[in-house]
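To keep things clear, I will list the structure first and then write my remarks on it.
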Amino acid sequence: MTNLFALVDCNNFYCSVMRVFHPELNNVPVVVLSNNDGSIIARSNEAKALGLQMGQPFFEAKSTIDKYNVVYFSSNYTLIGDMSARVHSTLARFTPNMEIYSIDEAFLDLGGFKGIDIPDYARTIRNTVKKWIGIPVSIGVAPTKTLAKLANRIAKKSEKANGVLVLTEAKHLEVALKRTDVGDVWGIGSRYATKLHSFGINNAWQLANVTDAFAKKHLTVVGLRLVKELRGEPCTDLEIEPPAKKGICSSRSFGQPVTSLNDLKEAVAIYASRCAYKLRQQKSACRVVTVFIHTNPFREQEPQYYNTKTIYLPVSSSSTIELVQYATMALEHIYRDGFVYKKAGVYITEIGPADGAQMNIFDRVDRSKHASLMLTLDQLNRSMGKGTVKVAAEGVSHIWEPKAEFSPPCYTTRIEDVLKVR
Amino acid sequence: MNTKILLPSETVSFILLGRDTETKHPLFAARVPAGFPSPAEEHIEDRISLSSYLNGHPDATFYVQLEGDSMIDYNLLEGDLLVVDRSLHVRSGDIVLANVNSEYTVKKLEITETGVRLLPGNKKYNPVEITEDLEFLVWGVVRGVARRIRQ
């Protein structure tokens, strides 16, 4: 295990992406809205200062937004995803080992960099990402992941740190831990924070100095590991290969209410097909397919209906054709006429390695044919663009698709969307 | 004379350019039947890739499309796809994508002792002197240009 971790975190990532293409938005309050433009999912520092909240419904925030001329965008995950990939691949140049922790965060292994000025190196990383991609990042460096996360938090807030904080010396660590509330320690939720406060443990320094027995008793084994990490003893390593997912869900609220079985079938087919694709990506197959549908619980005046149906597959599968077939079957089973549906989803479980699937003697599906068909389908969609080939059940035009009205163009992935300049 | 006339299909296969998304090695390398090793196997190279010719660091490379006739003297035409590399250090004489007072523009950058100017490549337009009251940003350096002749 390495003994020096850097956590690189993009500042207000979604807003920063918009600023790359709209430099005029620097120093202007910016918010990014969720799918369907329902609520705020990202805020620039200026927007935070105006009191706009994470998750706040758009209609509720609208008066503040209008009053202070806050600029708002729908989220464009294609653009955000590409910018994230650029950041991660730029970061990968600086380390032999990296864990992509989220869309806008990565842990870098900086252990064993002998004779290198680490603060200087971290500033080079920060400047390179800013220059190459245009995204500002904060970097925290420390002997454990938990401490790197803590250092990052301070790097982001403290003006003196200017985006980079390296915590390797005992006296610096002590100061940093003392100024961090226990509730802000990575992995301490609000429930544990309340509990710790009741014991008089208010900051991370106090938490680092509890006995092992106390930590184990009140915070479980996971908490003990966390306390050890706060003391500088690494207990968690980089997760370089993301663990295969145990359950995959694909669901979406509809942009417009849906009543017909046909529309629901198309939506469910699309979700099932996304699940199948994700399965193939991680070389797994699933045994169980669950479909759920429900009406809008906030429309109390309308009749309400909620139902789910689970189907056990005879043989584990990752074939789009099969999963769509079973998901449609499940939907037909639970669909009731006369309701206005708000959401549908497909959830798959009992996921195992694709090559370890148990056979069934009554199986009449030609599995090798399916496998090679899926391989071709994935290759075509990768080289010719997403959605080039799909199963017919997914349909073509979908009036129910969530509308993102204020969506920015896909500047970096679609040639017709690139910036036009004179 | 023993000149072989290239059939269209042969010509095409010869200049076929690789795509970035393609597998790194031609597929046939993996499909040689047992007992008949291909004499070409050890000589396989990646195909010529236009993007690796034009682009610098792929992570720092963005494309923009040129409109108007302000750069024709530098052989940049309306509709050209410009390859903008943000990783390059800006030098005087570079053609750059700049942002002046919230507007994007592609011009030649001239840095002298007397100041900084953006020079258009067309006498119809005037150079822009960068003064302190302007919001000025060099977004990236134009490294190359892609133009399609046949639509």
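The values are calculated or read from the model by the stated rules, or taken from the named source; none is laboratory data. Note that this is a predicted model, so its numbers are computed, not measured. For neighbour counting, all protein chains shown are included, and Cβ atoms are generated from backbone atoms with ideal geometry for every residue, glycine included.
Is there a residue in region A:93-104 that is part of a helix (DSSP H, G or I) and not assigned by TED's automatic domain parsing to the domain that holds A:Leu226? Walk me through it before giving the result.
Step one: filter region A:93-104 for residues part of a helix (DSSP H, G or I), giving A:93-94.
Of the ones still in play, those that are also not assigned by TED's automatic domain parsing to the domain that holds A:Leu226 are A:93-94.
Checked region A:93-104: at least one residue is part of a helix (DSSP H, G or I) and not assigned by TED's automatic domain parsing to the domain that holds A:Leu226.
Is it the case, given these coordinates, that A:Ala161 is away from every other protein chain (no Cβ under 14 Å) and at pLDDT below 95? Before the answer, list the steps.
Values: away from every other protein chain (no Cβ under 14 Å): yes; at pLDDT below 95: yes.
Against the criterion (away from every other protein chain (no Cβ under 14 Å) and at pLDDT below 95), A:Ala161 qualifies.
Among the residues of region B:138-151, which ones are within 14 Å of another protein chain (Cβ to nearest Cβ) and either part of a loop (DSSP other than H, G, I, E, B) or exposed (fewer than 11 other Cβ atoms within 10 Å of the Cβ) (or both)? Lay out the reasoning, then the answer.
Filtering region B:138-151 down to residues within 14 Å of another protein chain (Cβ to nearest Cβ) leaves B:138-143, B:145-148, B:151.
Result: B:Arg147, B:Arg148, B:Gln151.
Given the options A:Glu394, A:Glu416, name the one that is under 30 Å from B:Glu78 (Cα atoms) and either touching a residue at least 40 places away in the same chain (Cβ under 8 Å) or within 14 Å of another protein chain (Cβ to nearest Cβ) (or both).
On the way: A:Glu394 fails: under 30 Å from B:Glu78 (Cα atoms).
Of the residues listed, the single one that is under 30 Å from B:Glu78 (Cα atoms) and either touching a residue at least 40 places away in the same chain (Cβ under 8 Å) or within 14 Å of another protein chain (Cβ to nearest Cβ) (or both) is A:Glu416.
Provide a single number: the residues in region A:123-148 that are within 14 Å of another protein chain (Cβ to nearest Cβ) and either among the charged types (D, E, K, R) or farther than 25 Å from B:Val138 by Cβ (or both).
The total comes to 2.
Here is a list: A:Val32, A:Val28. Which entry is of a type in the set (A, V, I, L, M) and under 16 Å from the mean Cα position of the chain (by Cα)?
None of the others qualify; the one that does is A:Val32.
Out of curiosity, is A:Val185 within 14 Å of chain B (Cβ to nearest Cβ) and buried (at least 19 other Cβ atoms within 10 Å of the Cβ)?
On the way: within 14 Å of chain B (Cβ to nearest Cβ): no; buried (at least 19 other Cβ atoms within 10 Å of the Cβ): yes.
Spelling it out, it is not the case that A:Val185 is within 14 Å of chain B (Cβ to nearest Cβ) and buried (at least 19 other Cβ atoms within 10 Å of the Cβ).
Tell me, which helices (runs of 4 or more DSSP H) wholly within region A:168-243 include 1 or more residues that are within 30 Å of A:Lys278 (Cβ to Cβ) and of a type in the set (A, V, I, L, M)? Explain how you work it out, then say what you get.
On the way: elements: A:170-178, A:190-198, A:204-208, A:212-230.
Per the criteria, A:212-230.
Looking at A:Arg126, A:Arg86 in this structure, which one is basic (Lys, Arg) and under 21 Å from the mean Cα position of the chain (by Cα)?
Values: A:Arg126 fails: under 21 Å from the mean Cα position of the chain (by Cα).
After ruling out the rest, the residue left standing is A:Arg86.
Among the residues of region A:375-422, which ones are of a type in the set (D, E, K, R) and assigned to a helix (DSSP H, G or I)?
Initially, region A:375-422 is screened for residues of a type in the set (D, E, K, R), giving A:378, A:382, A:386, A:390, A:394, A:401, A:403, A:405, A:414, A:416-417, A:420, A:422.
Selection gives A:Asp378, A:Arg382, A:Glu394, A:Glu416, A:Asp417.
Looking at A:Lys149, A:Lys130, can you tell me which residue is in a helix (DSSP H, G or I), assigned by TED's automatic domain parsing to the domain that holds A:Phe94 and either farther than 24 Å from A:Asp237 by Cβ or touching a His at 6+ places or on another chain (Cβ under 7 Å) (or both)? I'd like the intermediate steps shown before the answer.
On the way: A:Lys149 fails: either farther than 24 Å from A:Asp237 by Cβ or touching a His at 6+ places or on another chain (Cβ under 7 Å) (or both).
Going through A:Lys149, A:Lys130 in turn, the sole match is A:Lys130.
Tally the residues that are within 10 Å of another protein chain (Cβ to nearest Cβ), outside any loop (DSSP other than H, G, I, E, B) and among the aliphatic types (A, V, I, L, M), restricting the search to region B:51-93.
So the answer is 6.
For a quick check of your reading of the model, give me the residue pairs whose first member lies in region A:169-194 and is in the same structural domain as A:Glu229 (by TED's automatic domain parsing), whose second is exposed (fewer than 15 other Cβ atoms within 10 Å of the Cβ) and polar (S, T, N, Q), with beta-carbon atoms closer than 8 Å and at least 6 apart or on different chains.
Every condition considered, the pairs that remain are A:Gly183/A:Ser190.
Return the residue satisfying two criteria in turn: it lies in region A:208-226 and is under 29 Å from the mean Cα position of the chain (by Cα), free of Cβ contacts under 8 Å to residues at least 40 places away in the same chain and at negative phi, and of such residues it is surrounded by the fewest Cβ atoms within 10 Å (Cβ to Cβ). Talk me through it step by step, then tell me what you get.
From region A:208-226, those under 29 Å from the mean Cα position of the chain (by Cα) are A:219-226; that's our starting set.
Of the ones still in play, those that are also free of Cβ contacts under 8 Å to residues at least 40 places away in the same chain are A:219-225.
Of the ones still in play, those that are also at negative phi are A:219, A:221-225.
Numbers: A:Leu219: 20, A:Val221: 9, A:Val222: 11, A:Gly223: 20, A:Leu224: 19, A:Arg225: 20.
Here the residue is A:Val221.
Checking the condition in contact (Cβ under 8 Å) with a residue 12 or more places away in the chain and facing chain A (nearest Cβ under 10 Å), which residue from B:Glu135, B:Glu110 passes?
From the options B:Glu135, B:Glu110, the qualifying one is B:Glu135.
In region A:74-82, is there at least one residue being touching a residue at least 60 places away in the same chain (Cβ under 8 Å), within 22 Å of the chain's Cα centre (by Cα), within 14 Å of chain B (Cβ to nearest Cβ) and farther than 28 Å from A:Trp205 by Cβ?
yes
For the structure I just gave you, tell me whether A:Pro119 is surrounded by fewer than 18 Cβ atoms within 10 Å (Cβ to Cβ), away from every other protein chain (no Cβ under 14 Å) and within 23 Å of the chain's Cα centre (by Cα). Can you show your working first?
On the way: surrounded by fewer than 18 Cβ atoms within 10 Å (Cβ to Cβ): yes; away from every other protein chain (no Cβ under 14 Å): yes; within 23 Å of the chain's Cα centre (by Cα): no.
Considered against the rule, which asks whether it is surrounded by fewer than 18 Cβ atoms within 10 Å (Cβ to Cβ), away from every other protein chain (no Cβ under 14 Å) and within 23 Å of the chain's Cα centre (by Cα), A:Pro119 comes out as no.
Taking region A:89-110 only, how many residues are over 19 Å from the mean Cα position of the chain (by Cα), within 15 Å of A:Val141 (Cβ to Cβ) and either aromatic (Phe, Trp, Tyr) or buried (at least 19 other Cβ atoms within 10 Å of the Cβ) (or both)?
Counting residues in region A:89-110 that are over 19 Å from the mean Cα position of the chain (by Cα), within 15 Å of A:Val141 (Cβ to Cβ) and either aromatic (Phe, Trp, Tyr) or buried (at least 19 other Cβ atoms within 10 Å of the Cβ) (or both) gives 4.
Pick from region A:58-101 the residues that are among the charged types (D, E, K, R) and touching a Pro at 6+ places or on another chain (Cβ under 9 Å): which of them is nearest to A:Glu405 (Cα to Cα)? Working first, answer last.
In the first step, residues of region A:58-101 are kept if they are among the charged types (D, E, K, R); the result is A:60, A:62, A:66-67, A:82, A:86, A:93, A:99.
Now drop any that are not touching a Pro at 6+ places or on another chain (Cβ under 9 Å), which leaves A:86, A:99.
Details: A:Arg86: 26, A:Glu99: 34 Å.
Restricting to residues being among the charged types (D, E, K, R) and touching a Pro at 6+ places or on another chain (Cβ under 9 Å), the top hit is A:Arg86.
What residue, among those in region A:23-38 that are touching a residue at least 24 places away in the same chain (Cβ under 8 Å) and within 14 Å of chain B (Cβ to nearest Cβ), is farthest from A:Gln53 (Cα to Cα)? Steps first, please.
Start the filter on region A:23-38 by keeping residues that are touching a residue at least 24 places away in the same chain (Cβ under 8 Å), which leaves A:25, A:28-38.
Cutting the leftovers down to within 14 Å of chain B (Cβ to nearest Cβ) gives us A:25, A:28.
Numbers: A:Leu25: 20, A:Val28: 17 Å.
That would be A:Leu25.
How many of the residues making up region A:309-363 are exposed (fewer than 15 other Cβ atoms within 10 Å of the Cβ) and within 21 Å of A:Glu394 (Cβ to Cβ)?
3
Scan region A:382-422 for residues that are touching a Pro at 6+ places or on another chain (Cβ under 9 Å) and exposed (fewer than 12 other Cβ atoms within 10 Å of the Cβ) and jot them down. It would help to see each step written out before you state the result.
Narrowing region A:382-422 to residues touching a Pro at 6+ places or on another chain (Cβ under 9 Å): A:400, A:416-419.
Scanning region A:382-422 gives a single hit, A:Glu416.
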